[in-house]
Amino acid sequence: MTTKLTMTEVTKTYGDGDSTSTVLNKLNLQVKEGEFVAVLGPSGSGKSTFLSTAGALLSPTSGDILIDGESLLTKDKMELTQFRLEKIGFMFQNAQLIPYMKVEEQLLYVAKIAKQKSSEAKKRSSYLLKRLGIWERRNHYPEKLSGGEKQRVAIARAWMNNPAILFADEPTASLDFNRGKEVVQMLAEEVKREGKAAVMVTHDERMLGWCDRVLYLQDGILVEK
């Protein structure tokens, strides 16, 4: 079983001199293929910083991060951008769909910027939309979708580039319990089905039953409970 994410002694500080604030403090984490990991923590504990650092949106102050065995620290800005397109999927709290694009176009746009062949992209998008139960909505704009449907599209879009790992930031925060449960179940199923990995930051402990591990971010480190 391959390791999809390795964070070794990762520290992230802000400021300088006397005003330095340490958000991540020599944090360690490994997430293996097929694992769906939840990260909890109180507001202000650094969950968003953790997710952004793990997902190559922020650079760590020190330490190393490997995704699919490749170190992020060895890559320049352009290489990191391409690496994110190829290896990392992101899902956010409010779906963040492009308002003037229809559902299927959202997925094909990701494929285009990731430089996938159009025939392969079309096949992949069709598969994901059918898998997630939104094929019939493929020609609708986001404004015509329910909150749950929008998040299903967000899941499909996040998996579109066939990433090694998906990072989800409070993906159920704008949904009621039943719709949130559907979204988390789908995430868990796709992680197993595709042989990938996912890390979800959440505050909703009702969603933890579908996760393989639950970690708490405390004082800049991850504690398993």
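The values are calculated or read from the model by the stated rules, or taken from the named source; none is laboratory data. Bear in mind that the values here come from a model prediction, so they are computed numbers and not experimental data. Positions of Cβ are generated from backbone atoms using ideal geometry, with glycine treated the same way; all protein chains shown enter the neighbour counts.
Checking each residue in the stretch 148-182 for being surrounded by fewer than 24 Cβ atoms within 10 Å (Cβ to Cβ), within 21 Å of residue 209 (Cβ to Cβ) and touching a Lys or Arg at 6+ places or on another chain (Cβ under 7 Å) picks out 148, 177.
Exactly one residue among 153, 199 is touching a strand residue (DSSP E or B) at 6+ places or on another chain (Cβ under 8 Å), outside any loop (DSSP other than H, G, I, E, B) and either touching a residue at least 24 places away in the same chain (Cβ under 8 Å) or of a type in the set (Gly, Ala, Ser) (or both), and that residue is 199. Looking only at residues in the stretch 50-74 that are over 13 Å from the mean Cα position of the chain (by Cα) and part of a helix (DSSP H, G or I), the one that is nearest to residue 29 (Cα to Cα) is 72. Counting residues in the stretch 102-121 that are surrounded by 22 or more Cβ atoms within 10 Å (Cβ to Cβ), at pLDDT 90 or above, in a helix (DSSP H, G or I) and of a type in the set (A, V, I, L, M, F, W, C) gives one or more. Given the structure, is residue 39 among the β-branched types (Val, Ile, Thr), under 27 Å from residue 209 (Cβ atoms), touching a Leu at 6+ places or on another chain (Cβ under 8 Å) and touching a residue at least 24 places away in the same chain (Cβ under 8 Å)? When the stated conditions are applied, residue 39 passes them.
State all residues of the stretch 36-74 that are among the polar types (S, T, N, Q), within 23 Å of residue 184 (Cα to Cα), surrounded by fewer than 22 Cβ atoms within 10 Å (Cβ to Cβ) and in contact with a strand residue (DSSP E or B) (Cβ under 8 Å, 6 or more places away or on another chain); if no residue qualifies, say none. Break it down stepwise before answering.
Initial filter on the stretch 36-74 (among the polar types (S, T, N, Q)): 43, 45, 48-49, 52-53, 59, 61-62, 71, 74.
Then drop every residue that is not within 23 Å of residue 184 (Cα to Cα), which leaves 43, 45, 48-49, 52-53.
Filter once more, so that each one left must be surrounded by fewer than 22 Cβ atoms within 10 Å (Cβ to Cβ): 43, 45, 48-49, 52.
Scanning the stretch 36-74 gives 45, 48, 49.
Restricting attention to the stretch 1-35, and to residues there that are of a type in the set (Lys, Arg) and on the phi < 0 side of the Ramachandran plot, which single residue is surrounded by the fewest Cβ atoms within 10 Å (Cβ to Cβ)? If we take residues in the stretch 1-35 being of a type in the set (Lys, Arg) and on the phi < 0 side of the Ramachandran plot, then 32 is surrounded by the fewest Cβ atoms within 10 Å (Cβ to Cβ).
Could you list, in sequence order, the residues of the stretch 75-99 that are in a loop (DSSP other than H, G, I, E, B) and among the basic types (Lys, Arg)?
Within the stretch 75-99, 75 is the sole residue that qualifies.
The set of residues from the stretch 1-36 being part of a loop (DSSP other than H, G, I, E, B) and without any contact (Cβ under 8 Å) to a residue 40 or more places away in the chain comprises 1, 15, 16, 20.
If the condition is being at pLDDT 90 or above and more than 15 Å from residue 98 (Cβ to Cβ), then the stretch 122-136 contributes 122, 123, 124, 126, 127, 128, 129, 130, 134, 135, 136.
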